[in-house]
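A short write-up of the structure that comes next.
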Amino acid sequence: MSNVFDVLKERGFIQQITHEEPLKEMLEKEKVTFYIGFDPTADSLHVGHFLQLVVMAHMQKAAHRPIVLIGGGTTMVGDPTGKTDMRKMLTREEIAANAERFKQQISKFIDFSEGKAIMVDNADWLLDLNYVEFLREVGIHFSVNRMLTAECFKSRLEGKGLSFIEFNYMLMQSYDFLELYRKYNCNIEMGGDDQWSNILGGVDLIRRVEGKEAFGMTFTLLTTSEGKKMGKTEKGAIWLDPAKTSPYEFYQYWRNVSDADVAKCLALLTFLPMEEVRSLGALKDAEINKAKEVLAFEVTKLVHGEDEATKAQSAAKALFGGKGDLENVPSIDISADELVQGIKLLDLIVRAGLTPSKSEARRAVQQGGVYVNEQKESDLEKVIGQADVVEGQIMLQRGKKSFCRVNVV
């Protein structure tokens, strides 16, 4: 059995480990069961989740068994990690709907056929807990003094404060690990490096309650070379759902990463051999664009399929290289009747998805970043009408990289 530990280390995933040598030996000699949790706080996974799914896929390829834990119970409370404010409280119905979307998306990347992987929802055991019994079995093992030093609480304590409901989150996540250890002999919890304190809580709880050794591993967060979180644009998060972030927008995000981040993204987000990753990452100046095209195509192919990746690539070449197919550029339809009355440019920019709001559209026009049929438009009161239609369409552009083809039907 190949040692996936070396694979993860070489590709730059591993950040912190509870017991490195015993864990490395176990991954080499045994088939292990491990888990990663996903709280369904939105109706789609985003690129930060995708990195975790790639880790799971590497582990599964090495014959280890993943447990995907959907946090239907923990989402009722909300993880305070990395948040300056308390998370918005979702209803059980909203959480259940989001959880279903997560399950559908995750199934594209992980093989859930017989014995290969397990998907569970912690709502099954957390929502019916007896609180006093939980405090007696779990709470007794947690030192408040120690919890207050945890990174996941520090920023909140120094800022707006931490609510008691959120203070319970570490106990709930730790109890998840204990429950999965008991039910499935799961002895490794993995997660992003911001989960280190919560993971340590679970490792320690299993040791105290069961007298057994469990392991924790965190992997690097998806950040730029400047330390900023990746996966955000002016329009918001980069989602895996094509209805929220189109395959073209998804492709363009990776096509436009900074030169310094190309090799890291290729290693973390694709399954290309590391020799190829190093070779592509070593390209300089204009040549690095070839590596960016490979990155964009490979990641889009994994998330949206080869057909959509090819279409996105073709659209990008049509817009930026004069080659390719404009049919694949993001588009919306408007009726010819609407153009008789005319549509305000600011409204059309928002409808086209080039900005999230009218105020953003106004700012883009004022800053000289909006083009209609390749002509810069500076008139905030501009009304788009029949005269703006060229061969049945209007091409809108924001900045150098955001386009929308408005089809008149």
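Per the helix-only calculation at 222 nm, which mean residue ellipticity applies to the chain, given -39500 (n - 2.57) for every DSSP H run of n ≥ 4 and division by its residues, nearest 500 deg cm²/dmol? If you can, show how the numbers build up before the last one.
Details: 19 runs with 184 residues, N = 409.
Rounded to the nearest 500, it is -13000 deg cm²/dmol.
Between 0 and 90 degrees, rounded to the nearest ten: what's the tilt of helix 20-29 against the longest Cα principal axis of the chain? Roughly 90 degrees, rounded to the nearest 10. Set the Förster distance to 51 Å, then compute FRET efficiency between Val409 and Arg278 from the Cβ-Cβ distance, nearest 0.05. Given R0 = 51 Å and the Cβ-Cβ separation, E is 0.55.
Among Gly202, Gly305, Gly71, which one moves the most in a GNM of the chain with springs linking Cα atoms closer than 10 Å? Highest fluctuation of the listed residues: Gly305.
Treat the chain as a sphere of radius equal to its Kirkwood radius over Cα pairs and apply Stokes-Einstein at 4 °C in a medium of 1.567 mPa s; give the translational diffusion coefficient in µm²/s, rounded to a whole number. Please list the in-between numbers first.
Details: Rh = 23.5 Å.
Approximately 55 µm²/s, per Stokes-Einstein.
Would you mind calculating the relative contact order of segment 255-294 from Cα pairs under 8 angstrom and at least 6 residues apart, reporting the percent as a whole number?
Numbers: 25 pairs, mean separation 18.6, N = 40.
About 46 percent, as a whole number.
One decimal place: the segment Asn130-Gln366 gains 79.1 nm when fully extended, by the rule 0.36 nm per residue minus the C-alpha distance.
A Cβ-based charge dipole, computed about the Cα centre of segment 248-401 with Lys and Arg at +1 and Asp and Glu at -1, lands at about 540 debye.
Against the chain, whose longest principal axis comes from its Cα atoms, helix 92-106 is set at around 80 degrees.
You can think of it this way: the chain between Lys103 and Tyr184 has 27.2 nm of extra reach, that is 0.36 nm per residue less the Cα-Cα gap. Karplus-based coupling profile of segment 290-302, in residue order and whole Hz: 5, 5, 5, 5, 5, 4, 4, 5, 5, 5, 5, 4, 5, with θ = phi - 60° in 6.51 cos²θ - 1.76 cosθ + 1.60 and x standing for Gly or Pro.
With θ taken as phi - 60° and the Karplus curve 6.51 cos²θ - 1.76 cosθ + 1.60 applied, the whole-hertz 3J(HN,Hα) list for segment 329-338 is 6, x, 9, 9, 10, 10, 7, 4, 4, 4 Hz, x standing for glycine and proline. How many angstrom separate the Cα center of segment 255-295 from the Cα center of segment 136-200? Using only Cα atoms, the two centres lie 36 Å from each other. For segment 232-328, the alpha-carbon radius of gyration amounts to 1.04 times the rule-of-thumb value 2.2 N^0.38 Å expected for a compact globular protein. Each Lys and Arg contributes +1 and each Asp and Glu -1, all at the Cβ; summed about the Cα centre of segment 166-246, the dipole is approximately 120 debye. Once the C-beta distance of Lys24 and Asp347 is scaled by a Förster radius of 51 Å, the resulting FRET efficiency is 0.30 to the nearest 0.05. Against the chain, whose longest principal axis is taken from its Cα atoms, helix 169-184 shows a tilt of about 70°. Across Leu129, Leu45, Leu240, mean-square fluctuation computed from a Gaussian network of the chain (C-alpha pairs under 10 Å connected) peaks at Leu129.
Normalised by the residues of segment 232-328, what does the relative contact order come to in percent, with Cα pairs under 8 Å and at least six apart? If you can, show how the numbers build up before the last one.
Working: 99 pairs, mean separation 27.8, N = 97.
For segment 232-328, the relative contact order is 29 percent.
When Lys311, Lys88, Lys244 are ordered from fewest to most other Cβ atoms inside 10 Å of their Cβ, what list results? Don't skip to the end; give the middle numbers.
Values: Lys311 21, Lys88 8, Lys244 17.
The most exposed by this proxy come first: Lys88, Lys244, Lys311.
Label sites at Leu380 and Thr149, each approximated as a point 7 angstrom past Cα along Cα to Cβ, lie 5.5 nm apart. In this structure, Ser113 and Glu338 have a Cβ-Cβ separation that, at R0 = 56 Å, corresponds to a calculated FRET efficiency of about 0.70.
Of Val54, Val203, Val120, the residue with the greatest mean-square motion in the GNM of the chain, using alpha carbon springs below 10 Å, is Val120.
Counting alpha carbon pairs within less than 8 Å and at least 6 residues apart, what relative contact order, in whole percent, applies to segment 314-407?
RCO, segment 314-407: 30 percent.
Since only Leu157, Phe38, Val7 are under comparison, the one whose Cα sits farthest along the positive direction of the charge dipole of the chain, derived from C-beta charges on Lys, Arg, Asp and Glu, is Leu157. Given +1 at the Cβ of Lys and Arg, -1 at the Cβ of Asp and Glu and no other charges, the dipole of the chain around its Cα centre is 620 debye to the nearest 20.
All of the numbers you see were taken from the coordinates with simple rules; none came from a lab. Since this is a predicted model, take the numbers as computed values, not measurements. Neighbour counts are summed over all protein chains in view; Cβ atoms, including those assigned to glycine, are modelled from backbone coordinates with ideal geometry.
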